[in-house]
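Structure first, commentary second.
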Amino acid sequence: MKSLTLVAFLLLSYINVWAQNNQTMNTTLPYREIPAYPETYSAESVVARMIDGLGFRFYWATEGLRPEDLAFRPTPEARSSEETIDHILGLSTIVLNALKNQPNVRSGEETSPLTFEVKRKKTLEILQEASELLKKADTKLDNHSMVFQNGANKTEFPFWNLINGPISDALWHVGQVVTFRRSSGNPFNGKASVLTGKVRE
């Protein structure tokens, strides 16, 4: 009887610590809400706002996903939700690399060995950093291109391709995660308004 009580106590302690850690991680993640918009429009601030919208959608598309949601795939040939999240992480990294003038040595298609929680946090932080770089006064889109490096071979695209490529592609795939989680019985939180970028109480 004592051993059963001890096991129950340890289990409850573990659950309590896990819940506190999970809550701390969620409250420190960016994009629970969209930051305030700039007072003026510029090419750079508009792209930053697109990335903020992507971050907000990704936050809520991935909030509260269960193992069965992450494993869901509509057909055997399709990516699972977690594989789709891996791809969004890769696409987000391509965006940030362009703003840092760093080449991409990975395609953005790779599967990440990180845990889901780490991938989610990393993706949100990458998007936040990309947005902040775009909001700097000295940032000009003309000075940033998307570069893929494969050994000695280098392929370069202007910033235009970053908009219709990785940024748009990431938005597309976030929509897939939302659809997949609905199909696996865990729909998107309806209180998160993608129009206002706020959470209705």
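The values are calculated or read from the model by the stated rules, or taken from the named source; none is laboratory data. What you see is a predicted model; the values in this text were computed from it and never measured. Here the Cβ positions follow ideal geometry from the backbone for every residue, glycine too, while neighbour counts run over all protein chains shown.
Observations, loosely collected:
- The stretch 150-188 - residue that is at pLDDT below 95 and closer than 24 Å to T84 by Cα and, of those, surrounded by the most Cβ atoms within 10 Å (Cβ to Cβ): F188
- Residues that are in contact with an Asp or Glu (Cβ under 7 Å, 6 or more places away or on another chain) and of a type in the set (S, T, Y), drawn from the stretch 119-142: S131, T139
- Matching option when the condition is surrounded by fewer than 17 Cβ atoms within 10 Å (Cβ to Cβ), β-branched (V, I, T) and either modelled with pLDDT under 95 or in contact with a strand residue (DSSP E or B) (Cβ under 6 Å, 6 or more places away or on another chain) (or both), among T111, T115: T111
- Meets criteria (surrounded by fewer than 18 Cβ atoms within 10 Å (Cβ to Cβ), within 17 Å of V47 (Cα to Cα) and at pLDDT below 95) for A137: yes
- Note on the stretch 43-83: among residues that are among the acidic types (D, E) and in contact with a Leu (Cβ under 7 Å, 6 or more places away or on another chain), the one that is farthest from P187 (Cα to Cα) is E44.
- Filtered residue count, the stretch 112-122, keeping only those that are in contact with a helix residue (DSSP H, G or I) (Cβ under 7 Å, 6 or more places away or on another chain) and part of a helix (DSSP H, G or I): 6
- Test: residue in the stretch 64-79 that is under 12 Å from the mean Cα position of the chain (by Cα), among the acidic types (D, E) and modelled with pLDDT of 95 or more: no
- Of all residues in the stretch 133-187, those satisfying the criterion of being outside any loop (DSSP other than H, G, I, E, B), among the charged types (D, E, K, R) and touching a residue at least 60 places away in the same chain (Cβ under 8 Å) are D169, R181.
- Residue within the stretch 123-131 that is crowded, with 17+ Cβ neighbours inside 10 Å, of a type in the set (S, T, N, Q) and not in a helix (DSSP H, G or I) present: no
- In the stretch 189-201, the qualifying residues are those that are farther than 13 Å from M50 by Cα and of a type in the set (G, A, S), and the one that is surrounded by the fewest Cβ atoms within 10 Å (Cβ to Cβ) is G190.
- Residues that are within 17 Å of G165 (Cβ to Cβ) number at least 1 in the following helices (runs of 4 or more DSSP H) confined to the stretch 34-111: 43-62, 81-99.
- The set of residues from the stretch 70-100 being hydrophobic (A, V, I, L, M, F, W, C), touching a Ser or Thr at 6+ places or on another chain (Cβ under 8 Å) and within 23 Å of I51 (Cα to Cα) comprises I85, I88, L89, A98, L99.
- Residue match in the stretch 80-87 (condition: surrounded by 11 or more Cβ atoms within 10 Å (Cβ to Cβ), among the aliphatic types (A, V, I, L, M) and modelled with pLDDT of 95 or more): yes
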